[in-house]
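No lab work stands behind these numbers, since they all come straight from the coordinates. From a predicted model like this one, the values you see are computed outputs, not experimental measurements. In this analysis, Cβ positions are derived from the backbone assuming ideal geometry, glycine residues included, and neighbour counts consider all displayed protein chains.
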Number of protein chains: 2
Amino acid sequence: MDIRHLKYFESIARNKNFTKAAEELFISQPSLSNMIKKMEENFGSKLIERTTREVILTEMGEALYVHAKKILGLYTITLKEMEEIKKIGKGEIHIGII
Amino acid sequence: MDIRHLKYFESIARNKNFTKAAEELFISQPSLSNMIKKMEENFGSKLIERTTREVILTEMGEALYVHAKKILGLYTITLKEMEEIKKIGKGEIHIGII
DNA sequence: TAAAAATACTCCATAGGTATTTTAT
DNA sequence: ATAAAATACCTATGGAGTATTTTTA
């Protein structure tokens with residue numbers, strides 16, 4: 001499972017629409033469709049019920065959505081924190097002398 | 001970033017040894033070495049200082065380690081919860097009648 | 001000098017694309 | 001009839017492997 005996949009799923013769940021999500025994510029609709037299909041194969045069950053008018057999360061989909069948001073939040077914080085360290089610390093050990 | 005990569009990094013950080021981690025993860029030592037190299041390229045800086053005797057995390061590595069553990073924990077919970085739903089709910093809506 | 005990590009390749013799986021078809025309202 | 005998702009196919013990237021070399025305590 002790639003964190004990118006969680007982003008994809010979150011975008012669909014939020015937009016309730018594959019095409020809109022694909023635009024938001026800057027990937028093609030078929031690629032997004034395939035990604036979700038593969039996620040569903042990996043999890044061994046449907047995450048999303050789709051018709052041409054509606055996109056509805058299954059019970060498992062809802063569970064994943066809740067957790068995906070948390071994981072994505074944590075990952076964003078991680079990146080931000082690492083970026084801070086890169087700017088300030090540059091990965092080196094700093095010994096302060098007053 | 002794949003969650004698998006966080007697992008790899010976590011294993012190295014915990015074992016303080018690439019070879020041991022590779023064994024634990026059931027992948028080859030060179031593959032693991034390459035994965036970390038690519039992670040470091042993606043983050044744009046070293047995560048681990050390695051000599052033949054020591055594996056030491058950089059400041060960024062330490063930050064990633066802390067967060068990786070949290071994310072991996074969350075992901076494990078996610079999988080467990082989804083497995084529960086699959087067993088019980090089978091993705092369908094259940095209405096209880098007493 | 002010996003144990004551990006890095007490098008150099010090879011191979012295959014899969015993420016992503018474009019073109020098109022199917023489906024449901 | 002139309003808008004949205006699915007399917008079919010192709011390509012390229014990169015994850016994983018084996019064999020080997022480099023490094024440092």
Within the stretch B:34-78, of all residues that are hydroxyl-bearing (Ser, Thr, Tyr) and more than 8 Å from every other protein chain (Cβ to nearest Cβ), the one surrounded by the fewest Cβ atoms within 10 Å (Cβ to Cβ) is B:Thr52
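Yes/no matrix, rows are residues, columns are (1) more than 24 Å from B:Thr76 (Cβ to Cβ); (2) away from DNA strand D (no atom under 16 Å from the Cβ):
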| residue | (1), (2) |
| --- | --- |
| A:Asn34 | yes, no |
| A:Met39 | no, no |
| A:Phe43 | no, no |
| A:Glu49 | yes, no |
| A:Arg53 | yes, no |
| A:Leu57 | no, no |
| A:Lys69 | no, yes |
| A:Glu81 | no, yes |
| A:Glu84 | yes, yes |
Have a look at B:Ile12, B:Ile56, B:Ile3, B:Ile27 and point out the one that is more than 7 Å from DNA strand C (Cβ to nearest atom) and in contact (Cβ under 8 Å) with a residue 60 or more places away in the chain.
B:Ile3
Among the residues of the stretch A:61-84, count how many are among the basic types (Lys, Arg) and within 17 Å of B:Ile3 (Cα to Cα).
2
